[in-house]
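These notes are about the structure you will find just below.
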Amino acid sequence: MKIRHIAAILALLVLALLPLPARADVIWEPQDGFYAAHADECTYVNDRYLSPGGVEGVVSPEDGRALCTFPEGWELRISFVYEDAGGAAWGVYEEGEESCWVRLDALQKVYDRDDFFTDHAEAITPYADELADFVPQGTVYLWEYPGSGELYGKLSPEDLTQADFLPYDAVYVDEQGQTWVYIPYLYGREGWICCADPENASLPATAPQAAAAAKSPAATDAVGPLTAAGRTRLYLAIGAVAVVALGSAALLVVLARRKQ
């Protein structure tokens, strides 16, 4: 093997072993025809909504043909929102390979972290060593917002003690007098720590918004309403093709017998 070939191979190996640069967060775009045609007019939200029951998912904001009906308590993760000419907001919902559009005013928004920051902006203060003496002994749990009752992530003792920067950013004192500290980012995780009980994974929902909000029931069906409707349409189409095929075969048999 020539020297220059060996050098080229070694150079490629060195490049392959170099650490890759950190990648920015990637937003997954819906595989939906209407979205593809109107992507510049859509806004990314990544919000959760609950159906009060009987809410229809349609082909698009411009095509009102119903694709499915969402039952009461069904949770919809809405990634992008489109506002039509009349000012109505529509959210695109995906389920497997199926997608549809739903009017947001027909749904109940699930209170989330962003809502909490907006509603309590004046009560949130900078971190002032509230956890300076905390030495984690076990898993530390992160919550979506103080009193949410919704786990957002978790950190090991090593995650907190070996970090080369102070991860804490903000502080909030809830209506029960408990202090919470916010971690905006640490090893890809974020959330609020309850200073009084940071290693408890069973903290109840105490925030008024969380206690009052309806939670979506556990899914009992492996297939959601949109996917089920899509399969029904597929089966109907297959059935129609089969009927045509059988009819054609029967006609050929009749014609063949007449020729004999």
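Some values worked out for this structure:
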{"item": "Within the stretch 157-210, tally of residues that are closer than 18 Å to Ile124 by Cβ, among the aliphatic types (A, V, I, L, M) and either in contact with a Phe, Trp or Tyr (Cβ under 7 Å, 6 or more places away or on another chain) or at pLDDT below 95 (or both)", "result": "8"}
{"item": "Filter result for Asp84 (more than 16 Å from the chain's Cα centre (by Cα), on the phi < 0 side of the Ramachandran plot and at pLDDT below 95)", "result": "no"}
{"item": "Hits in the stretch 140-177 (condition: touching a residue at least 60 places away in the same chain (Cβ under 8 Å) and touching a Ser or Thr at 6+ places or on another chain (Cβ under 6 Å))", "result": "Gly147"}
{"item": "Which numbered condition Gly33 misses (of (1) open to solvent by less than 20 Å² (accessible area, probe 1.4 Å); (2) over 19 Å from Tyr111 (Cβ atoms); (3) more than 15 Å from the chain's Cα centre (by Cα))", "result": "(1)"}
{"item": "Residues being part of a strand (DSSP E or B) and either surrounded by 17 or more Cβ atoms within 10 Å (Cβ to Cβ) or among the aromatic types (Phe, Trp, Tyr) (or both) - total across the stretch 138-178", "result": "8"}
{"item": "Members of the stretch 113-128 found to be open to solvent by 60 Å² or more (accessible area, probe 1.4 Å), of a type in the set (Val, Ile, Thr) and in contact (Cβ under 8 Å) with a residue 40 or more places away in the chain, listed by number", "result": "Thr125"}
{"item": "Flag for Gly86 being loosely packed, with under 15 Cβ neighbours inside 10 Å and free of Cβ contacts under 8 Å to residues at least 60 places away in the same chain", "result": "yes"}
{"item": "Residue, least open to solvent (accessible area, probe 1.4 Å), within the stretch 179-205, restricted to residues that are of a type in the set (D, E, K, R) and part of a strand (DSSP E or B)", "result": "Glu190"}
{"item": "Pair list, Cβ under 8 Å, 6 or more apart: the stretch 58-73 residue among the hydroxyl-bearing types (Ser, Thr, Tyr), other residue open to solvent by 40 Å² or more (accessible area, probe 1.4 Å) and part of a strand (DSSP E or B)", "result": "Thr69/Glu56"}
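Per-residue answers, yes or no, for (1) of a type in the set (Gly, Ala, Ser); (2) farther than 20 Å from Asp119 by Cα:
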| position | (1), (2) |
| --- | --- |
| Pro136 | no, yes |
| Thr139 | no, yes |
| Ser156 | yes, yes |
| Thr161 | no, yes |
| Asp174 | no, no |
| Ile183 | no, no |
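The values are calculated or read from the model by the stated rules, or taken from the named source; none is laboratory data. Quantities reported herein were computed from a predicted structural model and do not represent experimental measurements. With ideal geometry, Cβ positions are generated from the backbone for all residues, glycine too; neighbour counts draw on all protein chains shown. Just the protein is used for accessible areas: all its heavy atoms, side chains included, with ligands, DNA and RNA removed. Shrake-Rupley method; radii C 1.70, N 1.55, O 1.52, S 1.80 Å.
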